[in-house]
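The structure appears below as structure tokens.
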Amino acid sequence: MPSLRIHPGRSTWLSSIIVTGDHADLQAQFSLAYVQAVASVAGYFVQISERGFDKDGIDATLMRRGKLGVTASPRLDLQVKSHHGRATGDPWPYDLDVKAYDDLRKEGYQVPRILVVVLVPDGPGKWLSHSEDELVLRRCGYWLDLHGAAATTNTSKIRVQIPRSQVFDVGALDALMARIRRGAP
């Protein structure tokens with residue numbers, strides 16, 4: 001378990017909620033926090049999807065208000081996954097549920113969709129460290145656009161290949177949103 005240190009002589013207000021859940025649920029929450037951190041720094045608002053939208057393959061929507069290019073208030077929908085371990089190879093393989101794959105590859109959505117896979121170390125105690133000067137989220141996320149990808153006859157999982165150059169960071173998010181602002185799918 002992570003420890004919390006209270007420093008004598010400092011005023012500290014603590015509010016905590018104990019969340020119970022399995023490791024996969026906590027990993028999913030951490031991956032959404034990573035997306036929120038990147039989007040916030042890039043200047044985008046994040047709307048975490050309610051359960052009904054999640055069933056449609058959307059975990060979060062990113063947007064910026066105002067007329068930017070040909071698209072006013074551009075938006076990007078994300079299917080966010082997490083995986084413990086490191087990226088192996090380039091591109092590196094990720095086994096995605098067929099339903100998520102189909103949700104991401106279909107054409108005709110009004111809002112473009114991408115997959116974001118956030119890699120985390122083994123064990124929640126290694127995911128984050130912080131001090132008064134910094135907050136460190138360990139490992140990183142990668143993005144993949146499956147729009148227009150071929151259909152699959154698989155019934156459970158499909159292996160997708162994620163280029164290591166496609167790190168989900170501020171620069172990548174700005175480039176993706178610039179493409180949307182120009183009206184590209």
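The values are calculated or read from the model by the stated rules, or taken from the named source; none is laboratory data. Here the structure is a predicted model, which means the values were calculated and not measured. Quick reminder, even Gly has a Cβ in these numbers, built from the backbone with ideal geometry, and neighbours come from all protein chains shown.
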Worksheet entry | Pick from the stretch 25-42, criterion under 13 Å from Leu128 (Cα atoms) and among the hydroxyl-bearing types (Ser, Thr, Tyr), ranking: surrounded by the fewest Cβ atoms within 10 Å (Cβ to Cβ) | Tyr34
Fill in: Asn154, sole failed condition from (1) surrounded by fewer than 15 Cβ atoms within 10 Å (Cβ to Cβ); (2) more than 20 Å from Leu78 (Cα to Cα); (3) at pLDDT below 95
(3)
Practice prompt. Go through the stretch 97-110 residue by residue and tally those that are surrounded by fewer than 21 Cβ atoms within 10 Å (Cβ to Cβ) and under 20 Å from Leu32 (Cβ atoms).
Written response: 4
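Each row is one residue, and each column tells you yes or no for (1) closer than 21 Å to Leu144 by Cα; (2) among the small types (Gly, Ala, Ser); (3) part of a helix (DSSP H, G or I).
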| residue | (1), (2), (3) |
| --- | --- |
| Gln79 | yes, no, no |
| Lys99 | yes, no, yes |
| Gln110 | yes, no, no |
| Gly125 | no, yes, yes |
Fill in: Residue among Arg75, Arg113, Arg138 that is closer than 19 Å to Tyr44 by Cα, touching a helix residue (DSSP H, G or I) at 6+ places or on another chain (Cβ under 8 Å), surrounded by fewer than 19 Cβ atoms within 10 Å (Cβ to Cβ) and not aromatic (Phe, Trp, Tyr)
Arg75
